[in-house]
Amino acid sequence: MKCVIEGNGVKVFGKAVHALSRIGDEIWLDPQEKGLALRTVNSSQSAYACFCFTPLFFQQYIPDPDIQNGCEAVKCKLNMKCVLPLFRCASWRERRVDRCEISINIPNSRVIFQFHCRHGITKTYNLGYQECEALQAVFPAHLCPNVLMAQSKLLGDIVVHFPVSQEEVTLSMSSFKVTFKTFCEEENNCIKGMNTELMLYPDEFDYFQVGEDSAVTFCLKELRGLLSFAESYSLPVSSQFGVAGQPISFTVKDMALEAHVVLSTLTDPNHESPSRPAPGDDCPVNIPKTSTAEISTCEGPMETEVCVADGEQVASSQGSEVFNPALHMRKMIQLHAPGEIPSLVPESALTTPVTPATFKIRSLLFGAVYSDGGNDKTVDLPSLACASDTEEDGGTEEDLGNNVS
Amino acid sequence: MNVGAGVEEGQKVEAQMRRCGDNVTRDEACGGASDTLKLWRIRVVNTVSRLTKACVLRLTCDHLYFVLSGRVATGGVSMWCELSQVNFFDEFQLEGVSADANEIFLEVAPENLSRALKTAQNAKSVKIKLTKKNCPCLTLAAELPSLSSVSRVVTHDIPVDVIPRRLWHDFREPQMPDFDVSIYLPPLKTMKSVVDRMKNLSNYLVLEANLNGEMNLKIETELVSVTTHFKELGNPPWGDDGSQSSSPTHRDPDLMAEARVDIKKLQQFLTGQQVNPSRAMCNIVHRRILHLIFLHEDVSLQYFIPAVM
C-alpha cells in the first residue's frame with residue numbers, strides 16, 4: 001500500500017489518529033480498494049472506532065502495489081503509542097508539513113511514514129507492524145429504531161456539562177424530549193458525585209426519529225475523540241441506537257472520509273415505570289426502562305441469530321444483571337480474512353445466553369470486504385467460534401514469521 | 001453529623017441569577033454591566049475550588065461565605081472568603097435553622113459548585129435550591145439558550161452535608177491577628193513566578209517585610225540561598241483599627257517581621273487566583289502566621305498560612 005496525503009489532510013489524518021487513541025491501544029490499518037481504514041477497539045472490547053478515508057482524501061492512493069505477485073494489500077496493526085507521537089499537534093506549529101507518504105514495506109514488516117516538511121526537511125519513521133486479520137464490526141445502523149442527527153457543536157455543547165472524568169452517561173429518548181444524564185450504578189454511590197442532567201427538545205436536532213422510547217447508557221469518555229474530531233471540521237454527527245443493551249453507533253460522514261464509533265450499552269433488567277417530571281422538578285428523573293425480557297428481533301433473515309433471553313442473572317442483593325459488554329461486542333467484532341464469507345451459525349452453537357442479537361451492517365466500506373457486495377438478502381452471520389479464538393491475538397504469529405526477511 | 005437533618009427541619013435556600021435583559025439590577029443602576037460582573041464572581045468560586053477540595057458554604061441573608069477552618073489535615077491553613085449575596089443573585093430566599101439564626105451551613109466540594117456554575121455561564125437564568133434527593137443537594141438548574149424555541153435545561157445536583165447548629169462555632173469568622181507588619185503585595189504575576197522558581201530549590205520560604213514598604217522573599221538551602229527584594233510596596237493604613245497594641249506604632253520602620261512557611265501552600269494560593277484583586281496585602285505575625293488578604297469589589301478572600309520553624 002502506498003498513499004500520499006497533502007498538507008492539510010495530514011492534520012485531518014492526525015486528528016483521526018488522536019480520536020482513535022482515545023479508545024484503543026492499537027491501530028489497525030486496512031488498505032482496501034474503497035479506501036484506507038484505520039480501526040481500533042478498546043481493551044474490554046466494548047468500544048470500536050473506524051475512520052475510513054476514501055481515495056478522494058489522498059493525493060495518491062494505491063492500495064496494493066505490485067510488490068508481491070497476486071498478493072492483496074496486507075492488513076496490519078500498529079501500537080498506538082508509536083503512531084500517535086507522529087501526529088502530535090505541536091508539530092503543526094513548529095514544522096509545517098507539506099505532505100506525508102505512508103507505505104507498507106512487506107518484506108521488512110514496516111509501515112513507513114515519511115513527512116516532507118518545510119525547508120526540505122524529510123522525516124521518516126519506520127514502524128514495525130504485526131500482520132493480522134482485519135478488525136471488523138458489524139452493526140446494522142439502518143435497522144436501529146432511534147436516530148438522531150445533530151451538528152457537532154450541539155453535541156459539544158451537550159458533553160461540556162459533564163466532567164471529562166465522567167465515564168457513563170445515559171441517553172434517554174422519547175417523542176417529547178431527549179435527556180442526557182450522569183449514570184450512577186447504585187443509588188447510594190451518587191452521594192459522592194455530582195449528578196448532571198441535560199434536557200433538549202426534538203427540534204434542536206437536524207434529524208430526529210424515535211422508533212422506540214429508550215434509555216441507553218454508554219461510555220462518554222470513548223466518544224469524546226470522535227466529537228472533537230467532528231467539531232474541528234464542523235461535521236454533523238448522527239447516532240443510531242435501540243433499546244438498552246443494544247450498541248449505539250455514532251457516525252461522521254464527509255466526501256473524503258467516514259468515521260464510526262460503536263459503543264456497547266448497559267442492559268437494564270429493571271422495569272421501572274417511566275415518568276416524565278417537569279423541568280426544574282426536584283424529584284429524581286426515572287429513566288424510562290425498556291423490557292429486556294423481550295427477545296429482540298429484526299426483520300429479514302437475521303432472525304436466526306436472535307438472542308435467547310435476558311442476560312445472566314447474578315445473585316446479589318440487587319439482582320442486577322451482569323453487564324457483559326465484552327461478550328456482546330465480541331459478537332460484533334470479528335476478525336476474518338477478506339473475501340471469506342462467514343457462515344451461518346446455528347443457535348445451538350451459542351454456549352452462553354448473550355445480550356441482544358448480533359446484526360449485520362452494510363456500510364459502504366465494510367461492504368467491500370464481502371465479495372458478494374451489498375446484498376441485504378444474503379446476510380451471512382459471523383463464525384462466532386472463530387472470532388472468539390482469534391480476536392485476542394489479532395495477528396497470527398505464523399504470518400509474521402513469513403514476512404521477516 | 002446528622003446529614004439531611006437541616007433539610008428536614010425546614011431549612012430552605014432558593015436563589016436565582018438572571019441574565020440581565022429587561023430587569024434593572026442593582027449593578028446596572030450603578031453603571032456596571034451586570035453580566036460581566038457576575039462572571040468574575042463565578043471565578044471566585046473557581047479560586048476557592050483550587051484552594052481546597054472541601055469547604056463549608058455559609059449562607060446568610062446578605063452574604064455567602066466559603067470557609068475552611070485550619071486543621072492538622074490541611075496543614076493548619078485556613079481560609080475565609082466572603083461575597084455579598086445581592087451582587088451574586090437576582091433573587092435570594094433563605095430560611096435558616098431558626099429566626100434568630102437565619103443561616104445555613106453546608107459542607108460542599110467547591111469544585112462541583114464551580115463546575116456547575118461554569119456550565120451555566122451562558123444561561124438565561126440559573127436557579128439554585130437546596131433539595132433532598134438521595135442526600136441533601138444543592139440543585140442548580142440553568143436555562144440555556146437553544147436552537148429551538150424552547151430552552152435547554154441543565155440540572156446539576158451537588159451533594160452537600162448540612163452542618164448542624166452545634167458545630168457552627170467551628171466556622172466563625174477569624175479574628176484579625178495582632179500583626180507586626182502589614183504590607184501590600186507586589187504584582188501577583190511577579191510574585192507567583194518568583195515563588196514558582198523558588199519552589200524548585202527549597203521546601204520552605206521566608207517572607208519578611210517592614211513598615212517601609214520593603215519585602216523580601218528568601219530561600220536557603222545547603223547549596224544555595226536566593227533572595228528577591230521588593231521595594232516601595234506601600235503599607236496599608238490600618239491605623240488604630242489595625243489591632244496593634246494599644247500604643248501607636250513605635251515600631252522601627254526598617255525592622256523586618258518574618259514568617260517561614262511551606263512554599264507549596266503559598267504557591268497553591270498564588271496559583272489558584274482566578275481574579276486579579278484590586279487590593280492584595282499580607283499581614284505578618286512575626287514567626288507565627290502569614291495572613292494574606294485579597295479584596296476585589298465586594299469580595300474578600302483571606303488565607304492564613306501558619307509559620308513553621
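Using DSSP to define loop residues, name the trypsin sites (Lys or Arg not before Pro) in segment B:47-80 whose beta-carbon has at most 16 other beta-carbon atoms within 10 Å.
Qualifying residues, ordered by number: B:Lys53, B:Arg71.
On average, how much accessible surface per residue is there in segment B:70-197, in Å², for a 1.4 Å probe, leaving out ligands, DNA and RNA?
Heavy-atom SASA per residue in segment B:70-197 reads 43 Å².
Where the accessible area of chain B is counted over protein heavy atoms with a 1.4 Å probe, how much of it, in %, is carbon and sulfur?
With neighbouring chains kept in place, the figure for chain B is 47 percent.
Tell me the label-point distance for the pair A:Ser175, A:Met255, using the 7 Å Cα-to-Cβ offset, in nm and rounded to one decimal.
4.0
Just in segment B:78-140: which trypsin sites (Lys or Arg not before Pro) are loop by DSSP and have at most 16 other Cβ atoms within 10 Å?
Counting only loop positions with at most 16 other Cβ atoms within 10 Å, the trypsin sites (Lys or Arg not before Pro) in segment B:78-140 are B:Lys124, B:Lys133.
With the solvent-accessible surface defined on protein heavy atoms using a 1.4 Å probe, which residues belonging to segment B:159-200 display a reduction of at least 10 Å² in accessible area in the multichain context relative to the isolated chain?
Going by heavy-atom accessible area, the residues of segment B:159-200 that drop by at least 10 Å² are B:Pro159.
Could you compute how much accessible area chains B and A hide from each other, both sides summed, with a 1.4 Å probe? Nearest 100 Å² is fine.
Approximately 2100 Å² gets buried when B meets A.
Taking amide H positions as placed 1.01 Å from N in the peptide plane, with prolines and chain starts having none, which residues 5 or more places from A:Ser214, or on another chain, fall under 5 Å of its amide H?
Long-range HN contacts for A:Ser214: A:Met173.
Among rounded, prolate and oblate, which fits chain B when a ≥ b ≥ c are the square roots of the eigenvalues of its C-alpha gyration tensor, a/c under 1.5 means rounded, and a/b larger than b/c means prolate?
prolate
Testing the spin-label approximation: label points 7 Å from Cα along Cα→Cβ at B:His250 and B:Ser278. State their distance in nm.
So the two model labels end up 3.8 nm from each other.
Let me confirm one metric for peptide A:152-160, namely the mean number of other chain beta-carbon atoms within 10 Å of its residues' beta-carbons.
Other-chain Cβ atoms within 10 Å of each residue's Cβ, averaged: 2.
Provide the FRET efficiency to the nearest 0.05 for the A:Arg99-A:Glu33 pair, computing r from the beta carbons and using R0 = 30 Å.
With a Förster radius of 30 Å, E is 0.85.
Taking the highest mean first, how do the peptides B:270-281, A:74-85 order by number of other beta carbon atoms within 10 angstrom per residue?
Order by mean packing, descending: A:74-85, B:270-281.
For a label point 7 angstrom out from the Cα of B:Gln16 toward its Cβ, which stretches of segment B:150-168 have the backbone nitrogen within less than 20 Å?
Output list for this probe position: B:150-157.
Within segment A:195-244, which GluC sites (Glu not before Pro) sit in a loop by DSSP and count at most 14 neighbouring Cβ atoms inside 10 Å?
A:Glu212
How high is the FRET efficiency between A:Lys153 and B:Arg287 when r is their beta carbon distance and R₀ equals 56 Å, given to the nearest 0.05?
My answer for the efficiency is 0.50.
Please identify the longest segment of chain B free of exposed GluC sites (Glu not before Pro), where exposed means a DSSP state other than H, G, I, E or B and no more than 12 other Cβ atoms within 10 Å.
B:1-221
For the Cα atoms of chain B, what angle does the longest principal axis make with the long axis of helix B:110-119, in degrees from 0 to 90, nearest 10?
With rounding to tens, the tilt is 60 degrees.
The values are calculated or read from the model by the stated rules, or taken from the named source; none is laboratory data. All figures in this text were calculated on a predicted structure; none of them were measured in a lab. Positions of Cβ are generated from backbone atoms using ideal geometry, with glycine treated the same way; all protein chains shown enter the neighbour counts. With ligands, DNA and RNA removed, areas are computed over all heavy atoms of the protein, side chains included. Shrake-Rupley method; radii C 1.70, N 1.55, O 1.52, S 1.80 Å.
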